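In what follows, a structure is listed as structure tokens, so that the remarks can point back to it.
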Amino acid sequence: MTDEAANIPARIVMLRRVALGSYLALLALTVLWEGWLAPVPNSPPGFWLAVKSIPLLLPLFGVLHGKPRSYAWASLLLLLYLTEGLVLLWTERALGFARGSALPWALLETLLTLTFIVAAALYIRGGAASLPQKPISG
């Protein structure tokens, strides 16, 4: 552990872990949901899997390395997943939690997305103030 990592408050580390865990869980849910649990009928195999999971891979490197800017971009990206989850919650509410319904997966997607967005915002806000600042050259 470096000297910089030792100076990070425990709250910031916990927020980063919560955000990272929810992001990775959302990625796993997306792959499972579109691949096996409830794939969209009458669509080419793997199409929605690729459309929904590939964008989550774009900020993954920065999120794994704790870069605040990547957390901010991932939060903006996850607004699309939040919208999808809320729309599916609204449209699938009549089916309830029946077999084959997308409602449980939409609920989980919405909760994971909200968890990431809130934890990432708090991580960015608290982390930016507590991390050592590099001088701006130029």
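The values are calculated or read from the model by the stated rules, or taken from the named source; none is laboratory data. Model, not experiment: these values are computed from the prediction. Because the Cβ atoms are built from the backbone with ideal geometry, glycine has one as well, and the counts that use them run over all protein chains shown.
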Check Thr83 against each of (1) closer than 22 Å to Leu103 by Cα; (2) without any contact (Cβ under 8 Å) to a residue 40 or more places away in the chain; (3) of a type outside the set (A, V, I, L, M, F, W, C); (4) touching a Phe, Trp or Tyr at 6+ places or on another chain (Cβ under 7 Å) and name the one condition it does not meet. (4)
Pick from the range 1-40 the residues that are in a loop (DSSP other than H, G, I, E, B) and hydrophobic (A, V, I, L, M, F, W, C): which of them is modelled with the lowest pLDDT? Met1
Going through the range 90-128 in order, the residues found to be at pLDDT below 85 and surrounded by 10 or more Cβ atoms within 10 Å (Cβ to Cβ) are Leu95, Ala98, Ser101, Gly127, Ala128
Only one residue in Ser53, Ser43 is among the hydroxyl-bearing types (Ser, Thr, Tyr) and at pLDDT below 90, so which one is that? Ser43
Under 6 Å by Cβ, and 6 or more places apart or on different chains, what pairs join a residue from the range 3-19 that is under 17 Å from Ile124 (Cβ atoms) with one that is of a type outside the set (Ser, Thr, Tyr) and at pLDDT 85 or above? Ile12/Gly126; Leu15/Ala119; Leu15/Leu122; Arg16/Gly66; Val18/Ala119; Ala19/Phe116; Ala19/Ala119; Ala19/Ala120
What number of residues within the range 90-110 satisfy the criterion of being closer than 27 Å to Arg17 by Cβ and free of Cβ contacts under 8 Å to residues at least 24 places away in the same chain? 3
Scanning for something in contact (Cβ under 8 Å) with a residue 40 or more places away in the chain and farther than 19 Å from Leu114 by Cβ, does the range 29-48 turn up at least one residue? yes
Does at least one position in the range 79-87 carry a residue that is more than 11 Å from the chain's Cα centre (by Cα), charged (D, E, K, R) and at pLDDT 95 or above? yes
Restricting attention to the range 8-43, which residues are among the aromatic types (Phe, Trp, Tyr) and over 18 Å from Leu82 (Cβ atoms)? Trp36
Do the conditions hold for Ala25, that is, is it surrounded by 14 or more Cβ atoms within 10 Å (Cβ to Cβ) and touching a Phe, Trp or Tyr at 6+ places or on another chain (Cβ under 7 Å)? no
